[in-house]
Amino acid sequence: MAIPPPPGPERPEGPYPPLVQGPYQGPYQGPYQVWGQGYSPYNRPAPVNGLAIVALVFGILCFLPAVGLVLGIVALAQIKKRGERGKGLAVGGMVMSSLGVALLVLAVATGGASDFWDGFKGGMNDSAGKGTGTVFSLGKGDCFDEPGDSPKGTTVRIDKVPCAARHHAEVIANFATSGARYPGRGSLLDVADAKCRAFERAYTMDAWAVPDDVRLYHFIPTRDSWNLGRHSIICMLESGDGKSGLKGSLRKDGFTLNADQFAYLQAADTLDEALRAAPAAKYVDDDLRGYKEWATKVSVALDDEAHLLRGHGWFPAAEKPVATLVDDVEASRKEWVKAAAATDAGTFSAHYKKGLKLIDPRRTVTARKVLGLTTTPPSSDGGGGGRGDGGSSGGLEV
């Protein structure tokens, strides 16, 4: 058994070594240093000012913009005094609130606020089924009444009604005009007159179904409306006497017609368009050359009409009456060709009358009846078998 050596200077006494002496005195107190009084383990940020947040919300929503502006000013004062955060929020709310105030002043000065409220009420009434609003809410196919007289230069109020019920007018088109600057009343009237007539022919392909007292009408924007961004022209058909009104939609186009009706009216319109291009001179003697050029156009249109009618696949009951109609069209075309080659007014008139008789509207009644179209020609028809230039066109600035 080994005997441990006696204690000596080379081996310390006791089971633990003595504390190491060094530049730092005192016993070892554990692995972690204790945080002193007055210190926090994290750097806590300053709070965000509540008014700054509210000011930003008011600014974004543009709701009571003046309130958002005042709250932003108060918030900046509190932030400076308390050392809080949120200066950017307050400034942002003030900027947007200032823009809201400026827009509000502009709307009041130009009448935009009133128009907005009218439109808002119109929308609310539409959702409630009442249909009251302004002309700017009208779209293609809408039927409406004007409740009382609306003075020129103001927003015209309307009551939308079902087309099946009696009504004052029916919208056939609502289209926007281009340009940054107001083009002037005269220019807008020219555009409205030309385009509304084209839209009328496309909307009421069966001119026979349009009552004789119906006239073309339109709304054009005023300078103030144009500057507010309203560049639309609204075309409509209205009851000419303003009393009896209209009942039922006047719309006869690809949206309401079947395939056979559409094909027939499309072919007929080819001829109608050529007939509408007659010379301005009342007598052939006054412009024989112009009449001969017109006869050439009509003969080409008749050839196109015959081609379209022959090329469509008609249902059995319509085949015979349409074939008879094609025979008349081709015979008429030959007379118009001879009229175009005439060397004097007498020869022209002779062939012109024969050709015109072969396309008399009454010769189309049988085919129209089979196809389910109106069979009574309009009294204003000039004998060409289709629509004339239509009734007088009028307009109102809104």
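The values are calculated or read from the model by the stated rules, or taken from the named source; none is laboratory data. Only a predicted model underlies this, so the values are computations on that prediction, with no experimental measurement involved. So basically every Cβ, Gly included, is an ideal-geometry build from the backbone, and we count neighbours across all protein chains shown. Side chains are part of the model used for accessible areas, which takes the heavy atoms of the whole protein and leaves out ligands, DNA and RNA. Shrake-Rupley method; radii C 1.70, N 1.55, O 1.52, S 1.80 Å.
Peptides 268-280, 85-97 ranked from most to least packed, by the mean per-residue count of other Cβ atoms within 10 Å: 85-97, 268-280.
Accessible surface for the range 235-308, divided over its residues, is 51 Å² per residue with a 1.4 Å probe. With a simple spin-label model that places each label point 7 Å from the Cα along the Cα-to-Cβ direction, the separation between residue 87 and residue 360 comes to 9.4 nm. Here the 3J(HN,Hα) profile of the range 341-347, calculated from phi with Karplus coefficients 6.51, -1.76 and 1.60 at θ = phi - 60°, is 9, 4, 9, 8, 5, x, 5 Hz, Gly and Pro shown as x.
Tell me, what % of the accessible area of the range 325-377 is carbon and sulfur with a 1.4 angstrom probe? Can you show the working numbers first?
Values: 1440 of 2770 Å².
It is 52 percent, rounded to a whole number.
Take the Cα radius of gyration of the range 175-306 and divide it by 2.2 N^0.38 Å, N being the number of residues; the result is 1.32.
How high is the FRET efficiency between residue 296 and residue 60 when r is their beta carbon distance and R₀ equals 56 Å, given to the nearest 0.05? Computed FRET efficiency for residue 296 and residue 60: 0.25.
For q = 0.19, 0.21, 0.31 Å⁻¹, what log10 I(q)/I(0) does the range 252-293 give under the Debye formula with an equal point scatterer on each alpha carbon and no solvent? Here the Debye-derived log intensity ratios amount to -0.62, -0.67, -1.01.
Among the listed pairs 195/282; 252/320; 252/357; 297/357; 252/369, which are separated by more than 19 Å between their Cα atoms?
195/282; 252/320; 252/357
Shape call for the range 239-309 from the C-alpha gyration tensor, a ≥ b ≥ c root eigenvalues: rounded (a/c under 1.5), prolate (a/b greater than b/c) or oblate?
Oblate is the answer for the range 239-309, as a/c is 1.5 or above yet b/c matches or exceeds a/b.
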